[in-house]
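Written below as structure tokens is the structure these notes are about.
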Amino acid sequence: MSVRRGMAVLAVAGAMTVGLTAPVAFAQPPAPAPFELGELVGPYPSDLPARGTYIGVLDGFTALRDSRPDIMDRNLEHTVAINNSADEATQAQALYDDNHARLDSLADAFGERLASVFREALADGRLPKVESLLDGYLARAGLLANSTLVEKQYWSNPRPFDVAPERIVRYHGDGVSGGADPYGDTAGTGSYPSGHTSQGYWTALLLADMLPEFAPQLLTRASAIGHSRVVLGVHYPLDVMGGRIMGQAAAVDRLADPAFARLVDAAGVELRGLLEAETGGPLADSAASTDAELYRDRLTYGFERSNPDLVNDIPPSAAVLLRHAAPDLTDAERLDVLRETAIDAGYPLDVAGPDGGWLRIDLVAAYEELAARG
């Protein structure tokens, strides 16, 4: 981690202007200014999950493992089929995602030109706030609370390549462009939920909060990070679905914490300034189309509804995920958008009660709905 994260500097002046329409003027961004040490240290209420742990929102797995061997068998069969059928390009992306920080992988969502600008700016120290919050396992927005260590230990579910070593093809990279051995560090450890997926989603969601113009692309790339884990045979689809649940809940915890949300806003000013100076125009004009159907396929991975009679609702706190995409709407109205665009209840891992509904959120559909409203 760079020492820039502990430096005391002048605060960024001005207010953040974000949403689906970018500002008209595109001045050169100010010189990068890291967060002050006290800002990074906090502590913040969201340093601990709102629920104590994320076990409650993930606990749909227990009933599946205890009483639905058919779903657990299909979970393995899905993994084997995805792993065995991966072409060279898919293998290469999976190994890249294994060997690089989530923030680096998510840069792809900005398109080739802006991804290069973004990565170079990170490497040159020109995005100190974004780096401090989102880059790597020591990212301030993550830390222990979002590490999946507690949750993995709770279920201790064995990984696919440990359960069926003769059926999983092991892919290895060069250790630079792709992970040399994705299996060495994970052998014998718990699979549920996927930590790469959870980190990919909460990082993507905080970036989407900063840059709503790129939200569908960021979310789709986050889903690819999760899918990469199935390609390698180190996780099952249910692990990836659980990682999405946890990543969404973790992002909500951060954005619903006003003190921490101010850090996200400041990092957003920094990032928007860099990219707008590069494009010289609205960022929305630089956002490429994305494969929304591919994203939706990964919401449920082809599983049928295991409990079609289940009744639940989208968690009210999730409305904060649309705070900058729909700044003119109330929280109640944003929640209605999430309800209108949600998938059906009752797919595997979906639960009733106050911890339910996280699996149902389809944020790409929500952003599409907002875009259609203009």
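The values are calculated or read from the model by the stated rules, or taken from the named source; none is laboratory data. None of the values given here were measured: they were computed from a predicted structure. We place every Cβ from the backbone using ideal geometry, glycine too, and count neighbours over all the protein chains shown. Accessible surface areas use protein heavy atoms only, side chains included; no ligands, DNA or RNA. Shrake-Rupley method; radii C 1.70, N 1.55, O 1.52, S 1.80 Å.
Collect the residues in region 98-138 that are small (Gly, Ala, Ser) and either surrounded by 23 or more Cβ atoms within 10 Å (Cβ to Cβ) or part of a helix (DSSP H, G or I) (or both), keeping them in residue-number order. Ser105, Ala107, Ala109, Gly111, Ala115, Ser116, Ala121, Ala123, Ser132, listed by residue number.
Filtering Thr203, Thr220 for residues that are surrounded by fewer than 24 Cβ atoms within 10 Å (Cβ to Cβ), assigned to a helix (DSSP H, G or I) and at pLDDT 95 or above leaves a single hit, Thr220.
You will find that of Asp265, Asp209, Asp253, Asp285, the residue that is within 20 Å of Pro315 (Cβ to Cβ), open to solvent by 10 Å² or more (accessible area, probe 1.4 Å) and not in a loop (DSSP other than H, G, I, E, B) is Asp253 and no other.
For region 139-170, name all the residues that are aliphatic (A, V, I, L, M), surrounded by fewer than 21 Cβ atoms within 10 Å (Cβ to Cβ) and closer than 28 Å to Leu205 by Cβ. Answer for region 139-170, where residues must be aliphatic (A, V, I, L, M), surrounded by fewer than 21 Cβ atoms within 10 Å (Cβ to Cβ) and closer than 28 Å to Leu205 by Cβ: Leu143, Leu144, Ala145, Leu149, Val150.
Only a single item in (1) within 17 Å of the chain's Cα centre (by Cα); (2) closer than 30 Å to His78 by Cα is not met by Leu322, and it is number (2).
Tell me yes or no: at least one residue of region 294-307 is of a type in the set (Asp, Glu), outside any helix (DSSP H, G or I) and open to solvent by 20 Å² or more (accessible area, probe 1.4 Å). Checking region 294-307: at least one residue is of a type in the set (Asp, Glu), outside any helix (DSSP H, G or I) and open to solvent by 20 Å² or more (accessible area, probe 1.4 Å). Could you tell me which residue of region 331-343 is farthest from the chain's Cα centre (by Cα), considering only residues that are open to solvent by 20 Å² or more (accessible area, probe 1.4 Å) and within 16 Å of Asp209 (Cα to Cα)? So, considering only residues that are open to solvent by 20 Å² or more (accessible area, probe 1.4 Å) and within 16 Å of Asp209 (Cα to Cα), the one farthest from the chain's Cα centre (by Cα) is Asp331. The set of residues in region 346-369 being open to solvent by 10 Å² or more (accessible area, probe 1.4 Å) and either of a type outside the set (Phe, Trp, Tyr) or over 19 Å from the mean Cα position of the chain (by Cα) (or both) consists of Tyr347, Asp350, Val351, Ala352, Gly353, Pro354, Asp355, Arg360, Ala365, Glu368, Glu369.
When the residues of region 268-282 are narrowed to those that are under 10 Å from Met210 (Cα atoms) and aliphatic (A, V, I, L, M), which ends up least open to solvent (accessible area, probe 1.4 Å)? Reasoning before the result, please.
Filtering region 268-282 for residues under 10 Å from Met210 (Cα atoms) gives 268-272.
Cutting the leftovers down to aliphatic (A, V, I, L, M) gives us 269, 271.
Details: Val269: 47, Leu271: 0 Å².
The qualifying residue least open to solvent (accessible area, probe 1.4 Å) is Leu271.
Among the conditions (1) under 16 Å from the mean Cα position of the chain (by Cα); (2) not in a helix (DSSP H, G or I), Met241 misses just one, which is (2).
Restricting the first member to region 290-319 and to residues that are basic (Lys, Arg), and the second to residues that are loosely packed, with under 13 Cβ neighbours inside 10 Å, the beta-carbon pairs closer than 8 Å and six or more apart or on different chains are Arg305/Asp344. The requirement of being open to solvent by 10 Å² or more (accessible area, probe 1.4 Å) and either over 17 Å from Tyr367 (Cβ atoms) or of a type outside the set (Phe, Trp, Tyr) (or both) is not satisfied by Tyr192.
Restricting region 308-328 to residues that are of a type outside the set (Val, Ile, Thr) and part of a helix (DSSP H, G or I), which is nearest to Tyr367 (Cα to Cα)? If you could, list the steps in order and put the result at the bottom.
As a first pass, look at region 308-328 and keep what is of a type outside the set (Val, Ile, Thr): 308-310, 312-313, 315-319, 321-328.
Next cut, part of a helix (DSSP H, G or I) only: 316-319, 321-322.
Working: Pro316: 17, Ser317: 17, Ala318: 14, Ala319: 12, Leu321: 10, Leu322: 8 Å.
Within region 308-328, the match that is nearest to Tyr367 (Cα to Cα) is Leu322.
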